[in-house]
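Notes to accompany the following structure.
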Amino acid sequence: MNRRHFMHLSTSACIALAWPIVPGRSLASPPDLNEAINIAGRQRMLSQRMLKAWLAWGQEIEPSKAERALAQSVSMFDKQLSELANTAFDSSITATLSQLDGHWKDLKTALTQQPPDRGRAAALLSLEDNVLQSAQQATTQIERLAGKPLGKVINLAGRQRMLSQRAAKFYLASAWGVDGGMAQAEISKARGEFSAALQTLRSASESTVAIRAELDIASQQWVILDNALTHRTNDVQSARHAAEVFVASENILSQMERITGLYAKSKAA
């Protein structure tokens with residue numbers, strides 16, 4: 001990958017792109033608390049998706065899809081952080097969002113000003129973790145501010161998006177020889193949390209018949225990703241396995257995005 005090609009990302013990352021589609025609300029209007037939980041939770045996911053895409057692109061795994069996913073994620077993170085910052089939250093949430101902004105600036109610089117390089121991967125994983133922790137804190141604070149059971153369900157459903165990307169990210173890190181022991185432990189943890197949360201969502205009173213039907217689709221897609229995550233990363237088929245993980249994680253992400261949006265638009269108390 002040459003630097004001239006990479007610099008395309010710095011331009012394309014600033015363009016509003018189509019994924020994910022957030023139905024039913026103009027970005028010009030301030031979000032209600034349910035949607036704010038959804039948006040803050042999506043920032044968690046984007047932190048993981050960016051690194052997944054960066055790692056895939058560096059290894060030439062689905063390179064065009066990886067480049068596009070990275071550009072989309074950077075663009076959306078910027079837009080959503082601005083949207084959250086312009087929402088009237090209490091001082092504690094505002095402080096967390098300010099912290100998130102600082103961590104994000106560090107990560108964005110590292111992601112967009114140099115091409116992917118395995119020697120920089122561990123440092124970027126550390127920067128990304130700071131973003132993830134601040135986004136998690138903001139999401140939890142907004143959920144508490146909402147103060148309703150539905151907020152907890154939106155948070156849980158939204159967290160599934162993050163877990164799908166986190167598992168794929170660590171798989172791709174392991175495939176590149178980065179944090180191998182930690183990567184396997186984190187993949188196992190994400191797989192366990194995702195499976196357990198699917199069951200919790202199925203039994204939630206806030207899950208309508210329509211949402212349960214969407215959860216059935218998500219469960220089928222999870223089987224595909226979960227199986228892909230069990231492949232070894234150091235055999236002769238490792239590049240193909242990594243591509244399967246990348247594509248499967250994108251598919252289930254789209255489905256969980258839809259499900260989280262349905263919860264966020266729900267009128268449940």
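The values are calculated or read from the model by the stated rules, or taken from the named source; none is laboratory data. Please read these numbers as outputs of a predicted model, since none were measured by experiment. As a convention, Cβ positions derive from the backbone with ideal geometry for all residues, glycine included, and neighbour counts pool all protein chains shown. We work out accessible area using only protein heavy atoms, side chains counted, and drop any ligands, DNA or RNA first. Shrake-Rupley method; radii C 1.70, N 1.55, O 1.52, S 1.80 Å.
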Computed curve, the stretch 103-229, Cα-only Debye sum without solvent term, log₁₀ I(q)/I(0) at 0.10 Å⁻¹, is -0.40
Dividing the surface of the Cα convex hull of the stretch 124-175 by four yields a projected area in nm² of 3.6 nm²
Note, the stretch 225-230: 3J(HN,Hα) by Karplus (6.51, -1.76, 1.60, θ = phi - 60°), whole Hz, Gly/Pro = x, goes 5, 4, 5, 4, 5, 7
A convex hull over the alpha carbons of the stretch 18-173 yields, per residue, a volume in Å³ of 100 Å³
The alpha-carbon center of the stretch 67-116 and that of the stretch 145-214 are separated, in whole Å, by 21 Å
Expressed to one decimal in nm², the mean projection of the alpha carbon convex hull of the stretch 193-243 is 4.0 nm²
In nm², the average projected area of the convex hull spanned by the Cα atoms of the chain is 13.1 nm²
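Under the rule a/c < 1.5 gives rounded, and otherwise a/b versus b/c splits prolate from oblate, where does the stretch 88-177 land using the Cα gyration tensor?
oblate
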Label model pair R144, I224: point-to-point distance (7 angstrom along the Cα→beta-carbon line) in nm is 3.9 nm
As a Kirkwood estimate from alpha-carbon pairs, the stretch 156-258 has a hydrodynamic radius in angstrom of 13.8 Å
Once all protein chains are kept in place, K65 shows an accessible area at probe 1.4 Å, nearest 10 Å², of 90 Å²
Heavy-atom accessible area of M256, protein chains in place, probe 1.4 angstrom, given in Å² to nearest 10, is 0 Å²
